[in-house]
Amino acid sequence: MSTIQNLNAFDPFADTGDSEAQPTNYIHIRIQQRNGRKTLTTVQGVPAEYDLKKILKVLKKDFACNGNIVKDDDLGEVIQLQGDQRVKVSEFLTGQLQLPKKNIKIHGF
Amino acid sequence: MSDLGFDTTLKKKKKVKKPTTEDSPGLDSKESTPQPPTDSSVDELFTGLKKKKKSSTKKSATTNEDSSIEKSKSPGLDEDLTASLGDLSLKKKKKKSTKNLDLNEFEQQLEEAGVEELGNINNNNNSQDDGFNVEQENLNNTLKYEDLLSRFFSILKKNNPELAGDRSGPKFRIPPPICQREGSKKTLFANVQEISSVLQRNPEHLIQYLFAELGTTGSIDGEKRLVLKGKFQPKQMESVLRRYIIEYVTCKTCKSMNTELKRESANRLHFLSCKACGSTKSVSSIKTGFQAQIGKRKKL
């Protein structure tokens, strides 16, 4: 009877839980134009195990810019930085935090 | 064999090896000018091929690259040629020897390609080629590079047309984006419609992507031009367009741009189906993501 798959306790089609997180854990780095030639960089989707506050503190000091954390209803916490810091942020994320580069998406021009 | 080849290359170090491998298009232009009187003798050889001359010479640049790649794959081939041509080319000037090398390489590659894919059919041609090879050695001084090239292409087209650089379907040329400033805060993207029609995409899809990527909003004016909020240079638009093409236009399997974007109503997913190779791939829908509050804040 054990050959009948349906009678097994293990359900191969059950949600494993981790499959959901895999495709959506991209970190999006975007740029937005403000007035004049001023810009704003947003970093969305930093994994929850990192302390955003500490990251922001380091980023602000490293890039010599201001920034803050914005809580979005469905996108979670987003780091905002003044100026175009896209390349620097992605370097920081890959270098200091050891995040894989394929998970980082840089948007904008 | 390798010993032989090595020796000859040593001897021929004076002759520049680079032009044989890469600069053949350059040679083409050089050699086309100094030898006009040889036409008549060549005509006799290539009477049938004369008509195709113009069309095939144009394509010479692209296919020369192809052939150079092939050469790099098979270095032993070069050595063979140099060995076989050793005594002939040593006597001649630099230019001509390199030319001969080219010709023979083309011949060899042609034979190679023919043997690989259409062995039986090519047998007749091979015998012809042998005849030509003999003649070539007689007429080494008088043969024009262009004529030989056109001959090569006509034979190649006859036997295996897919190698002759003839891509099926139209060649995609994307016009450069035209950006004008409208006022001080807006950019006019004039040829969205044109670009989206070349890419075979719905302009709305492209515009939606542009808005999401650039983090702006905008509208379409009366002449179907796109008005974007914010200042954007054509160069910036180009890079965004390039990313759009990579993500939503080129086929991931065959790199063809001849694709179609379909929306499956059953599962609400977008599918990219290639018209060249027939593969389909799902593509992610455009997401705007987080938009920071700019300007006046809402009253809390």
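Regarding the stretch B:271-289, can at least one residue be identified that is within 14 Å of chain A (Cβ to nearest Cβ), in a strand (DSSP E or B) and open to solvent by 100 Å² or more (accessible area, probe 1.4 Å)? No, because not a single residue in the stretch B:271-289 is within 14 Å of chain A (Cβ to nearest Cβ), in a strand (DSSP E or B) and open to solvent by 100 Å² or more (accessible area, probe 1.4 Å).
Taken as a whole, the stretch B:244-267 holds no residue that is among the charged types (D, E, K, R), part of a helix (DSSP H, G or I) and either touching a His at 6+ places or on another chain (Cβ under 8 Å) or open to solvent by 80 Å² or more (accessible area, probe 1.4 Å) (or both). Within the stretch B:172-196, being under 22 Å from the mean Cα position of the chain (by Cα) and free of Cβ contacts under 8 Å to residues at least 60 places away in the same chain holds for B:R173, B:P175, B:I195. Scanning the stretch B:228-241 for residues that are in a strand (DSSP E or B) and open to solvent by 10 Å² or more (accessible area, probe 1.4 Å) returns a single hit, B:K229. Among the residues of the stretch A:46-75, those that are open to solvent by 30 Å² or more (accessible area, probe 1.4 Å) and within 14 Å of chain B (Cβ to nearest Cβ) comprise A:N66, A:N68, A:I69, A:V70, A:K71, A:D72, A:D73, A:D74, A:L75. Annotation: of all residues in the stretch A:28-45 being farther than 21 Å from B:L228 by Cα and more than 8 Å from chain B (Cβ to nearest Cβ), the one that is surrounded by the fewest Cβ atoms within 10 Å (Cβ to Cβ) is A:G45. Looking only at the stretch B:205-226, residues that are open to solvent by less than 20 Å² (accessible area, probe 1.4 Å) and either in contact with a helix residue (DSSP H, G or I) (Cβ under 6 Å, 6 or more places away or on another chain) or more than 14 Å from chain A (Cβ to nearest Cβ) (or both) come to 5 in all. Condition check: under 12 Å from A:V43 (Cβ atoms) and in a strand (DSSP E or B). Does A:V89 satisfy that? It is false that A:V89 is under 12 Å from A:V43 (Cβ atoms) and in a strand (DSSP E or B). Annotation: of all residues in the stretch A:82-109 being of a type in the set (A, V, I, L, M, F, W, C) and more than 10 Å from chain B (Cβ to nearest Cβ), the one that is surrounded by the most Cβ atoms within 10 Å (Cβ to Cβ) is A:V89.
The values are calculated or read from the model by the stated rules, or taken from the named source; none is laboratory data. Owing to the predicted nature of the structure, the values given are computational and were not obtained by experimental measurement. As a convention, Cβ positions derive from the backbone with ideal geometry for all residues, glycine included, and neighbour counts pool all protein chains shown. We work out accessible area using only protein heavy atoms, side chains counted, and drop any ligands, DNA or RNA first. Shrake-Rupley method; radii C 1.70, N 1.55, O 1.52, S 1.80 Å.
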